[in-house]
Structure formats: structure tokens, C-alpha cells
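The values are calculated or read from the model by the stated rules, or taken from the named source; none is laboratory data. On a predicted model such as this, the values are computed, not experimentally measured, just so you know. Reconstructed Cβ throughout: ideal geometry from the backbone, glycine too, with neighbour counts over all protein chains shown.
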Amino acid sequence: MKYLFLALAFVARVQSAIVTSENDTSIAIHNDRLSFTIDKTNGILGHIHLDGQDLQGPQSNTSGRGYYECHCVPMGYQVAASDIFSIAANGNATFTLIKGVDGSLVPYAGVFMQQVLPIGHTFQQWYFIRDDPSATGLHNFARMLYSNSTVGPPFEDGGIPVREIREVFQFNTTLWQTASTNPILNVSIPDQGAITPAVPAQDATWDLATNAPDEPYVLQTSDWWTKYFIADAYRKRKAHGLYGKTETGMAYGAWMVSVTQDTLFGGPTHYDLLLDGMIGVPEGSANLVRIPHIYYYFASSHQGAATTNLTNEGYDRTWGPQYLYFNKGQQASLPTLRADAEAEADFSKYATFYQSIAHLVPGFIPPVARGAVSLSGMNLPPAAEDVVAVLSAEGLEFQRNVLDLKASQYWSDVSAQGTLQIADVAEGTYRLTVYASGIFGSFVKDGVVVRAGQTTALTGLTWEEESAGTEIWRIGTPDKSAGEFKHGFELDPNKTFHPMQYRSYWGAYSFVDDFPNGVNFVVGQSNVGTDWNYAQIATSGANVNFTILFDLPETPAANSTATFTIQLAAASGPTGNEDFSSAAFASFPLAASVNNLTDALEWIIPSNVSSSCLERSGISCFTVTNKWTFPGSWLVNGTNQLVLGLHSGSGTRVMYDALRLELV
């Protein structure tokens, strides 16, 4: 009887409550709580319901849908005369219904979509749902391949840039009232009545205050709506999404959970779009419609991120897993539902399931092919705070790890004792980079080998802060951001939610009005929060120089050498995020003059580090560093002057992270 009981329990356990159906135009799947469909005519994920509640709203050509798209195809394959291609949008995709039971005897079902273009692109996507009372979400993966040995346009001369690869989830219902970027940044989504009369300000940015001054979003957050306001860096991202309540008080959350970010690019400092509340319909038009969005970018050039091109050398990358998760609770608060979603950002929680489906997702690295890395007793610089360790592609700065399509990335905070533990690391060879607030430069170690099922223990490492002599002064805190300067992390006193000022539309602040004579910063007297702007902007007809005044008690020795270090949080040429351009000032000069000497220092900032950081509400984008050395004899006893200048009217901009002068 004992064995019969066990057998009956086994049968009951694997008997699935997942129901699937398929016809010529759609696939429908549901477990006891969550249901969804895939439209086989266009690849759209739709009709998501949780316990009977419609979460997506009616499906249309512009809303109530989820899809996977890429800015990576030549003319002739795009949507809306752009370089955007959406999988299955033209109906030429194949669909496979998947069913199985994982290693924990939990049944699952899913859909595999694929489309192959005759020019060499292959797009693939997977959605999986599990049969578990807590399984109220979709585990999803995506893959893009390119293979074409034919030489010729557009794949010669650099190929086609992969500007964006992303998943987009649009909601066509008023249920969703709040967009939640992180635990402290939550904004109300304006009503259609405030959206309709909005005045365009720039790309994806509208003035709401002029015609809807009493709109709650305007009173609480900003006069302008922009999706860039609610973007964020990868470092602490666990979940981002939407929150709303019904008239009965039932609260709902829709979340994109970052189960792992190891298949993404750019490291912890990469800054990207997460959410939106309105778009032009058709896209780019002035006809604004309230459509809450959740984005998940696999790769992008946003904020100056490095990108790769499709060439006849090929491309193959699998992204995921990520988890589109839905939750609810009677009178549940946003923090409560967010905390529940963030608890799902745990690869180990679903390790058995991921191992069971790994054979279905080419390129996904299963749990058994992963190890761990530990760090213990690392000697850190005494002033180091908020220390971060990054594992990324060997031989590459982590901001450029997109250049190695086989690489993975991981990061973790390092304790004050120099310890950390990173689990579920794909086997391979990595570069370890450690950086910290308050410290110029970083610690770099190549050759960190991770083996499946083992822990790579790193011990006895010492990070010695870089130095070029005696520090004369520093301005700002080296932390890869411009937040400490005016209009950076400074809170907006005019809005009830007091958001950080940099998140608002940059046109809200006038550099010329704030600094009519340019910046004049006196070392030892001036305040970085009020006397140094968060951006230097090459405006025509205005003094845009940043002047630093400082005293020396004596004239430096004749054979001394001064080193002037600049760390930029961002640099912006006129072409924004485009890596390469023949436009004027695509690569542009930042010049420094010491005590009005004719021998000016010049740094040509290359176009491939350019970003749209300032105008897209960023504070830390593609960071870059320069060191100038010059004879110490250029400096004098008494007051010295150092002037930083951009070419007037060039449209160039820089955002300073920190500056330092040393003498030896």
C-alpha cells in the first residue's frame, strides 16, 4: 500500500492543470490562474488575464500586445519606413506549441516562434508558463542569428548596426495608473485628457503643464512627460513595471523581472529605457495616446552604449531568461507588490525548470554549466565607498562587452572587508573590474577562470589607487556620474514628489541664465552643488567656459610635471548615440588653457563614445577618461587659472564626473 500511495501521488503531481489549444491563427495557454494567447498571424502576445482580470485590454495594431523587434534590417524589411523589424509581423513565421514536465515534476507549456529572412536574419522567441499556484508569469527568451556569406551591400563596409533589440509589452487599459522604475521612483501615468493637448518639446518629450497644469503627474513629478525620466541603470535593477487598482480595491502589478542580466551588454552602468505611458499613433506622430509600456532591451545604443554590426562574419546571441510576472492583492500597496516581484529575480529559484528546458533554447547556458566566483580579503583603497565588482569579457572594458558575443556579465557589491560572492556564473574566462565611489580609476584583472560546478576563489588581491603625485585639488566625486553637480541629484523643490532634477527634461534648465558668465569655480570656496553645472553645453553666443581658479603657495619646481585628469560621465556630439558619423564635430575637442598660455591642451573625444545623455535625462552614460600632462612651470605662486572650453555653437556637450590636478 505504501508503494501504491507513492505512485498515485506521482500521477497526481504530474497531471497538468495547464490547458492548451491551437488552430490556424492562434495558440492559447492557461494554468489555473494565468492565461494568454499568441496570434500566429503577427506574433503578438495578447489577452493576458490573471484570475479572470483582463490585464492587457483589447488587442490592436498599436496596443494590448507584446512583441519582439530589432532595429537591424535594411530597407525593404522594416516597419513604418524605419530599420525596425518585428518577428512575425508579416505573417511569415512558424510556431511550435511546447509541453513538458520539469525536474521537479511540475508541468509546463510554451510557444516557440521563429522567422527566417532571405537576407540571413533568423529571429526566435520562447514563452513558457508553469503549472504552479505561484506561476503567474511568463519565462521568456529571445535569440537573433545572422549568417550570410554573400559579400555586398549592406553587409560590407561595416555592415548594419544593431541599434536596438527589445521586447515591448503594451497595455490598452486604464487599470495601470503608476509606472514603477525602482523602489523610490514611481510616477503616475497621465490621463488621456492631459495627454491630448500636450505640446511636443523634443523626441519622446511633451509639455503637459501648459494645457493641463492640474494633472497629478504635473503637480507631483514634472511639467514634461518623457520616457527618459523613468529610465534607469542596470546595476540595481530587479524589476520594473506597472501598478493599478480596480474600483473594488484589488491591486495589480505587471513586472518585467530581471532573473539574470548576464546575457545583456554594457555592465552595471548601462542606462536604458524601461517604461512609457504614451506614444504617438502612428509611431512618431503628434496624435498622442495613453498606452502604458514595459520595455526590456537586450541591446541598444542608448546613452552611448557600444553596439555591434551585422556583417558577413555572422551574429548569434540568446537573451534570457527574463520573467514577465503578474501579481495582485486586496488593497495591496505598490511597495508590497514590488517586493514580491523583486523576490522573483532569483535564478536559483527556477534552476530546476531552466535545466529542464535548456535543450529547447539554443545558446542558453544551463545551470549545470555554471559555477561561482568568490572574493575574500581584497585590500581596497581607504577612501573607497560603494564598491562594485564586475565580471565581463576578457580583454574588454565592460562598457564594450558587446564586442564579444559569447561573453556573459555579472556584478555584485563588494563589502568593506573586500568580500563578495557571485553565483550562477557561466563557465568561461573573465575580466574582473572593481570600481568605487571616491576613487579615480579602477582595479582590473584578466584571466579569471570559472568552471562548471566549482567556485573560483580570488584571494590576496590589492587595489592601489592610481596616483600621479601630490593631489593639488579635486572637483566632484569620481563615481561615474554627474549627480553631485547643479541640476543633478538635487531634488526638485517645486514638485510634491521632489524627484531628482536631472530626470526632468533638460530644457527646463537654462545654463546661460544660471551661469551668464560661464562657470567660475574657486577651489576651496565654491560649492559643487551650486557653482558647477551638471553639463557644459556649447551654446552659440554665450560664454560656456568652465573656469577653475586655485592658489598655490609657491611656484612648482622647474622640472616638475602636472597631471590633469578628467573623468566624464558622458560626452555628446551632434549625432547623439551614433558611434560613427562624418558630421561636423562628430568627434569633437575639449580644450584646456592653463594661465592663458598659448599652448592649449586638447582632447579629441571620439564619436564612438558619444551619447544623448543630457537630452535624454541621463546622469551617467558611456563614461570616458583623459589625462593631460604639462610642465609644472606653467603654474605660478598665487592664483592660477584653468579654463575648459568647447567649440561655441558646435552642439557638443560634456557631463563631468570628477576632475583632479596632481603635481610631481
query: Taking the stated definitions as given, is Asp599 of a type in the set (Asp, Glu) and modelled with pLDDT of 90 or more?
result: no
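So which of Ala341, Ala358, Ala345 is among the small types (Gly, Ala, Ser) and either more than 19 Å from Thr136 (Cα to Cα) or at pLDDT below 95 (or both)?
Ala358
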**Asked** Going by the conditions given, is Glu342 among the acidic types (Asp, Glu), surrounded by fewer than 21 Cβ atoms within 10 Å (Cβ to Cβ) and not assigned by TED's automatic domain parsing to the domain that holds Leu242?
**Response** no
Only one of Thr352, Thr311, Thr307 is assigned by TED's automatic domain parsing to the domain that holds Tyr271 and closer than 30 Å to Ile279 by Cα, namely Thr307
Exactly one of Gln303, Gln331 is touching a strand residue (DSSP E or B) at 6+ places or on another chain (Cβ under 9 Å) and at pLDDT 95 or above, and that one is Gln331
Of (1) under 27 Å from Ala233 (Cα atoms); (2) surrounded by fewer than 21 Cβ atoms within 10 Å (Cβ to Cβ); (3) of a type in the set (A, V, I, L, M, F, W, C); (4) at pLDDT 95 or above, Ala535 satisfies every one except (2)
Counting only strands (runs of 3 or more DSSP E) entirely within segment 182-300, those with at least 3 residues that are over 27 Å from Ala508 (Cβ atoms) and either of a type in the set (Ser, Thr, Tyr) or at pLDDT below 95 (or both) are 288-300
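Condition check ((1) of a type in the set (Gly, Ala, Ser); (2) at pLDDT 95 or above) across all residues:
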{"position": "Ala426", "(1), (2)": "yes, yes"}
{"position": "Arg431", "(1), (2)": "no, yes"}
{"position": "Ala457", "(1), (2)": "yes, yes"}
{"position": "Thr470", "(1), (2)": "no, yes"}
{"position": "Arg503", "(1), (2)": "no, yes"}
{"position": "Gly507", "(1), (2)": "yes, no"}
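This table checks each residue for (1) touching a Lys or Arg at 6+ places or on another chain (Cβ under 6 Å); (2) among the small types (Gly, Ala, Ser); (3) surrounded by fewer than 22 Cβ atoms within 10 Å (Cβ to Cβ).
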{"site": "Phe171", "(1), (2), (3)": "no, no, no"}
{"site": "Asp191", "(1), (2), (3)": "no, no, yes"}
{"site": "Pro197", "(1), (2), (3)": "no, no, yes"}
{"site": "Ser222", "(1), (2), (3)": "no, yes, no"}
{"site": "Trp225", "(1), (2), (3)": "no, no, no"}
{"site": "Ala233", "(1), (2), (3)": "no, yes, yes"}
{"site": "Glu247", "(1), (2), (3)": "no, no, yes"}
{"site": "Met256", "(1), (2), (3)": "no, no, no"}
{"site": "Phe265", "(1), (2), (3)": "no, no, no"}
### Filter pass, Leu380 being of a type in the set (A, V, I, L, M, F, W, C), out of contact with any Phe, Trp or Tyr (no Cβ under 6 Å at 6 or more places or on another chain) and outside the structural domain of Val609 (by TED's automatic domain parsing)
no
Going through segment 405-444 in order, the residues found to be among the β-branched types (Val, Ile, Thr), crowded, with 20+ Cβ neighbours inside 10 Å and without any contact (Cβ under 8 Å) to a residue 40 or more places away in the chain are Val414
Per the filter on segment 368-392, residues under 27 Å from the mean Cα position of the chain (by Cα), closer than 14 Å to Ala426 by Cβ and either basic (Lys, Arg) or surrounded by fewer than 18 Cβ atoms within 10 Å (Cβ to Cβ) (or both) are Ala369, Arg370, Ala372
Given the conditions (1) within 25 Å of Glu615 (Cα to Cα); (2) touching a Ser or Thr at 6+ places or on another chain (Cβ under 7 Å); (3) not aromatic (Phe, Trp, Tyr), every one holds for Val218 apart from (2)
The lone condition Thr575 fails out of (1) in contact with a strand residue (DSSP E or B) (Cβ under 8 Å, 6 or more places away or on another chain); (2) farther than 18 Å from Thr625 by Cα; (3) surrounded by fewer than 20 Cβ atoms within 10 Å (Cβ to Cβ); (4) at pLDDT 90 or above is (4)
- Query: Within segment 523-534, can one find any residue that is part of a strand (DSSP E or B), closer than 15 Å to Asn640 by Cβ and more than 31 Å from the chain's Cα centre (by Cα)?
  - Reply: no
For segment 398-426 the number of residues that are under 15 Å from Thr308 (Cα atoms) and part of a loop (DSSP other than H, G, I, E, B) is 4
Scanning segment 68-95 for residues that are at pLDDT below 95 and not in a loop (DSSP other than H, G, I, E, B), the one surrounded by the most Cβ atoms within 10 Å (Cβ to Cβ) turns out to be Tyr68
Within segment 393-404, residues under 22 Å from Gly314 (Cβ atoms) and surrounded by fewer than 22 Cβ atoms within 10 Å (Cβ to Cβ) come out as Glu394, Gly395, Leu396, Arg400, Leu403, Asp404
Exercise. Condition test on Thr263, is it closer than 18 Å to Ala407 by Cβ and touching a residue at least 40 places away in the same chain (Cβ under 8 Å)?
Worked result: yes
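If only one of Phe564, Phe585 is more than 29 Å from Asn309 (Cβ to Cβ), buried (at least 18 other Cβ atoms within 10 Å of the Cβ), within 34 Å of the chain's Cα centre (by Cα) and not polar (S, T, N, Q), which one is it?
Details: Phe585 fails: more than 29 Å from Asn309 (Cβ to Cβ).
Just one listed residue meets the conditions, Phe564.
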